[in-house]
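What follows is a set of notes on a single structure, which appears directly below.
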Amino acid sequence: MLSAAVLAALPVVGAQGFTGSGVAVAAEQRGGTVWQGGWAASPQAPTTPFGPNWSEQGFANHTVRQVVRVSTGGTKARIELSNRYGSTPLRITGATVARTDKGAAVRAGSVRELSFGKGRSVTIPAGGKVLSDGVPFRVKALESVTVTLYLAGPTGPATFHHFSSATSYRADGDHRSDREGTAFKETSDSWYYLSGVEVSGGERSGRRDGVVAFGDSITDGVGSSLNTDNRYPDELAERFAATGKPRSVLNHGIGGNQVTNDTAWAGEKAVARFKKDVLSEPGIGTVIVLEGINDIGGSGWQGVPGGPTPEVSAKQLIEGHRTLIRQAHAKGIKAVGATLTPVKGSAYYTEANEAKRDAVNQWIRTSGEYDEVVDLDRALADPADRDRMLPAYDSGDALHPNDAGFRVMAGALDLDTL
């Protein structure tokens, strides 16, 4: 059991607020360390609507190795782990960070053991999260890093992120410091417990110019190629890096998420999770909101896991967007509204749903309530049928873009407005 002194030193956040993390960050800033988000993923409750993953069973005497790409670099790093949807305390026996090699392997000499309040292990309360101590770790923008967690005892069902578009690895026993990946025999296309990688000491350290992409599966990257980092926020990070001024670009999309309705498989509604997922990130200056198509399409489609969700009118959806704008502005964050992308030909398409999509997009374009607007609807539309996605940008379901479509989305954003 951890001592009271060690527990007091840990930057742990409980289920009801974020003051613990804020105090920890402020203390490090007073000591000269200012953190920026390098990578992020929104936590979700355990679920298996689209096939097996490790979330419902959890882990016991397992090592989990996860590869993520940071959008901006620095000289120190730390990780964020979430037990937001855990029903019991989560024991992390140990964790490391390293530079990625191939697959589950890491580069020789790059493994750094992480500590939590100076201890190598940490217990995260149910509903809470924890930040590791910072460790010297020089990393460049757009470089992949590998985070490895050893979970000795049974964890129970795991807080995770469903659609990672990346491969995670699992091994029996303790392999947190392995250089080779040969022990990691199992794979999953989800992330587990890992909700953030933060960096400090980069060229833009201390600037409040980070960008959060907030939304549903289209922001999450569903439809992009596995292990290629071709989601639209990834492509946006590449555009910033190409200018010689990399920026923090964080992806807080959740596949299936809605603005106005909670769902068991796609997370809390956007108006509720916005505070936890966006406003808790360090150094954020702008949020791009692309969300609402699941509110519209989910109300009538029998293919939604768990069945159709409650009917949502265009007016209700607009009110939800207004709530997001107010939350962003209360924290001094610029809110960029993205128009809802074409869905004709998909399972979501009906004339009634199209009328709602058009009404919401008209409001986003003309109301002036968002600080800026990016017209992703028009960027992806087929000129021959503006309600349909151009086939060259379609992943195959007439709803999610492919890699080319995600590049077009990132290209539609004006870097100067961000």
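The numbers here are math on the coordinates, done by the rules we state, and not lab data. Note that this is a predicted model, so its numbers are computed, not measured. So basically every Cβ, Gly included, is an ideal-geometry build from the backbone, and we count neighbours across all protein chains shown.
On the principal axes of its alpha-carbon atoms, segment 79-224 has extents of 40, 36, 34 Å, going from largest to smallest.
Go through 290-300, 161-171 and give me the packing order, highest mean Cβ count within 10 Å leading. Kindly include the intermediate steps, with their values, before the conclusion.
On the way: 290-300: 25.1, 161-171: 22.8.
In decreasing order of mean packing, 290-300, 161-171 become 290-300, 161-171.
Less than 5 angstrom separates the built amide H of ASP371 from those of ALA335, GLY337, all sequence-distant by 5 or more or on a different chain. From the alpha carbon centroid of segment 259-299 to that of segment 90-137 is 28 Å.
Just going by the charge dipole of segment 167-311, with Lys and Arg at +1 and Asp and Glu at -1 on Cβ, which of PRO310, ASN230, VAL289 is farthest out on the positive end? The residue sitting farthest along the positive end of the dipole is VAL289. Across the options SER395, GLY94, PRO52, the greatest Cα extent toward the positive end of the charge dipole of the chain (unit charges at beta carbon of Lys, Arg, Asp, Glu) belongs to GLY94. In order along segment 216-224, the phi-based Karplus estimate (6.51 cos²θ - 1.76 cosθ + 1.60, θ = phi - 60°) of 3J(HN,Hα) comes to 10, 5, 5, 6, 4, x, 4, x, 7 Hz; Gly and Pro are listed as x. Report the normalised scattering of segment 291-418 as log10 I(q)/I(0) at q = 0.14, 0.20 Å⁻¹, calculated by the Debye formula with identical scatterers on the alpha carbons. For the requested q values the scattering log ratios are -0.65, -1.22.
What is the calculated FRET efficiency for SER177 to SER225, with r their C-beta to C-beta distance and R₀ = 30 Å, to the nearest 0.05?
Numbers: r = 31 Å, r/R0 = 1.02.
Efficiency computed from Cβ-Cβ geometry: 0.45.
Close amide H contacts of LYS269 (hydrogens built in the peptide plane, cut-off under 5 Å, sequence separation of 5 or more or a different chain): ASP262, THR263.
Helix 403-412 and the long axis of the chain differ in direction by around 80°, with both axes built from C-alpha atoms. For segment 254-362, the relative contact order works out to 29 percent when only alpha carbon pairs closer than 8 Å and six or more residues apart are counted.
If I take every Cα pair under 8 Å that is 6 or more residues apart in the chain, average their sequence separation and divide by the length, what percent do I get for the relative contact order? Intermediate results must be reported in sequence, preceding the final value.
Numbers: 1048 pairs, mean separation 70.0, N = 418.
RCO, the chain: 17 percent.
Counting only Cα atoms, the size of segment 254-340 along its three principal axes is 41, 24, 16 Å, in decreasing order.
Take the cross-link list LYS140/LYS185; LYS276/LYS356; LYS140/LYS245; LYS129/LYS331 and give me the ones stretching past 18 Å between alpha-carbons. Working shown, then result.
Working: LYS140/LYS185 29 Å; LYS276/LYS356 28 Å; LYS140/LYS245 12 Å; LYS129/LYS331 22 Å.
Violating the 18 Å limit, Cα to Cα: LYS140/LYS185; LYS276/LYS356; LYS129/LYS331.
When shorter helices are ignored and each DSSP H run of at least 4 residues is given -39500 (n - 2.57), the per-residue value for the chain at 222 nm works out to -6500 deg cm²/dmol. Placing +1 on each Lys and Arg Cβ and -1 on each Asp and Glu Cβ, with no other charges, gives the chain a dipole about its Cα centre of roughly 1520 debye.
Structure remark: mean-square fluctuation, Gaussian network model of the chain, C-alpha springs under 10 Å; the largest value among ALA272, ALA126, ALA330 belongs to ALA330.
Considering only the other residues whose Cβ falls under 14 Å of the Cβ of ASP375, what net charge follows from Lys and Arg at +1 and Asp and Glu at -1? Net of charged neighbours comes to 0. Sequentially through segment 51-66, phi angles give Karplus couplings (6.51, -1.76, 1.60; θ = phi - 60°) of x, x, 8, 9, 5, 6, 7, x, 9, 7, 6, 10, 10, 10, 10, 10 Hz, Gly and Pro residues having no value and appearing as x.
Taking amide H positions as modeled 1.01 Å from N, with prolines and chain starts lacking one, the residues under 5 Å from ASN227 and 5 or more places away or on another chain are ALA166, THR167. No solvent, one uniform scatterer per C-alpha: report log10 I(q)/I(0) for the chain via the Debye equation at q = 0.06, 0.07, 0.11 1/Å, two decimals. Each listed q maps to, in turn, -0.22, -0.31, -0.78. Paramagnetic label reach from ARG365 (point 7 Å along Cα→Cβ; backbone nitrogen cut-off under 11 Å): within segment 375-389, residues 375-379. Each Lys and Arg Cβ is given +1 and each Asp and Glu Cβ -1; about its Cα centre, segment 72-227 then shows a dipole of about 520 debye. For the options LYS269, LYS245, LYS356, a Gaussian network treatment of the chain with springs between C-alpha atoms closer than 10 Å singles out LYS245 as fluctuating the most.
Residue by residue, segment 358-364 carries 3J(HN,Hα) couplings of 4, 5, 5, 5, 4, 5, 4 Hz when phi is fed to the Karplus relation 6.51 cos²θ - 1.76 cosθ + 1.60 (θ = phi - 60°); x denotes Gly or Pro.
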